[in-house]
Amino acid sequence: MNSSQQMLSVSDHNRSFISMTYVYPVVSRRAGGVSVGINLNPNNACNWHCAYCQVPDLVRGAAPEIDLELLEKELRAFLDELLHGNFMAEHVPPEAQVIRDIAFSGNGEPTSSKAFAEIVERVAAIRDQAGLSAVPIRLITNGSLIERPYVQTALRRLGAAGGEVWFKLDGGRAEDIARINGIDINPEAHARRLALCTSLCPTWVQTCMVGWDGEPPSDAMLDAYLARLEQAGTTALRGVHLYGLARPSLQPEAAHLQRLSPDALERIARRIKEKGLTVVVSP
C-alpha cells in the first residue's frame, strides 16, 4: 500500500495518500482521530461550488458510476491495514491513532451517486465484519438531494446502522448561500430538507464561518442563519459542528476568504447555544 507522504495531518486531506480510487484516510479535527473517507466523486464533480472547497479542478456535476466491487475491495483492505498493519504507527500522529468514523466525504456530493443506498448497506456490512460495529458511519452532505427516494432509503439504512448525517448549512439568506456555496436555492426549502433529514437519521448541522473581503459574518447574516435552524427544529438536531478554515481553498473565490479567529467563532457559537443547541467548535 503506497503513500505519498510520511504523516497525516489535519492540514492536509490528500485523497491520493494511499493510491486508492474510493478510499482514503485523513486525520479529522472534527472527528478527533482517523476518519476513513469514502470518495464517491473521484471525478471532482459537485452540484454546489463552495468558496472554501479544497477540491482541485472542481466541476459542476454528479458522481460517476461506482465500481462497487472495487469499493468493497479497497475498504476491506484498508480497514485490515489499519487494524493489523503498520499504517497507524507509520503515518498517524500518536494522539490520533484511533479509528473515529467511516465517512462519505470526498470530492463532491456523495448522495449524487444513484447507487448510494446500496453502497451504505455494503459499507455497513464490511464495517461490522471487521469488528468495528461501534465505529459510526457518517455522511457529509450538502443535503440538496434529500428529496430523492433513493437518498431517503440510504438515510434510513444509515440510521439503522448507527450512523449519522452532517448536513451543510452556512447561511440563512439566499444571497449568503449563493456567495458561500455557489448555488441558487430557497433557504426556507433547504431548512425543510434539514427537517426531513432529522426524521430519517440522527443529524448534525455542519457550518463553516469565514470572513469575506475582510468582514466577519454580519448580525443580519447570523440572524437569518439562526432562523433557518429554528425553522428546521432545534430539538430534533444533535447539534452544530461550527468550524473555520483549516486548509487553503482551491477555488477562484479563495482571495475573498479570511480565517476567523477562535474568539470570533466562539462568539458565534454562543449565539447558537442560546437556541438550546450543542455546539462543537473547530477553529
Any residue on another chain or 5+ positions along whose placed amide H is under 5 Å from the amide H of ASP101 is listed here as VAL36
Mean Kyte-Doolittle of at least -1.0 and a Cα length of 15 Å or more along the axis: which whole DSSP H helices of the chain meet both? 68-84, 116-129, 149-160, 187-200, 219-232, 262-273
Using the Karplus equation 6.51 cos²θ - 1.76 cosθ + 1.60 (θ = phi - 60°), what ³J(HN,Hα) coupling, rounded to whole Hz, does each residue of the stretch 245-257 give in order, writing x for Gly and Pro? 7, 9, 9, x, 5, 10, 9, x, 6, 4, 5, 7, 8
Please state the charge dipole magnitude for the stretch 23-282, taken about the Cα centre, from unit charges on C-beta atoms (+1 on K and R, -1 on D and E), reported in debye and rounded to the nearest 20. 560
Out of ALA232, ASN181, HIS49, whose Cα points farthest toward the positive end of the dipole of the chain (charges: +1 Lys, Arg; -1 Asp, Glu; placed on Cβ)? ALA232
Treat the chain as a sphere of radius equal to its Kirkwood radius over Cα pairs and apply Stokes-Einstein at 20 °C in a medium of 1.002 mPa s; give the translational diffusion coefficient in µm²/s, rounded to a whole number. 112
Arrange the following residues from fewest to most other Cβ atoms within 10 Å of their Cβ: HIS84, HIS256. HIS84, HIS256
Packing-ranked peptide list from 262-275, 52-65, highest mean Cβ count within 10 angstrom first, is 52-65, 262-275
Percent antiparallel among DSSP beta bridges with both residues in the chain, to the nearest 5? 25
Once the in-chain neighbours fewer than 8 apart are removed, the lysines whose Cα is under 24 Å from LYS273 read LYS168
Which one, THR235, THR203, THR21, has the greatest fluctuation when you compute a Gaussian network model over the chain with C-alpha springs under 10 angstrom? THR235
Note on the stretch 23-282: contact order normalised by length, alpha-carbon pairs under 8 Å, 6 or more apart, percent, works out to 19
Taking the chain and counting helices only, DSSP H stretches of n ≥ 4 at -39,500 (n - 2.57) each over all residues, the nearest-500 ellipticity at 222 nm comes to -10500 deg cm²/dmol
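Taken together, the values in this text are just the output of simple stated rules run on the coordinates, not laboratory data. Every value quoted in this text rests on a predicted model; they were computed, and no experiment measured them. Heads up, the Cβs are rebuilt from the backbone with ideal geometry, glycines too, and the neighbour counts pull from every protein chain shown.
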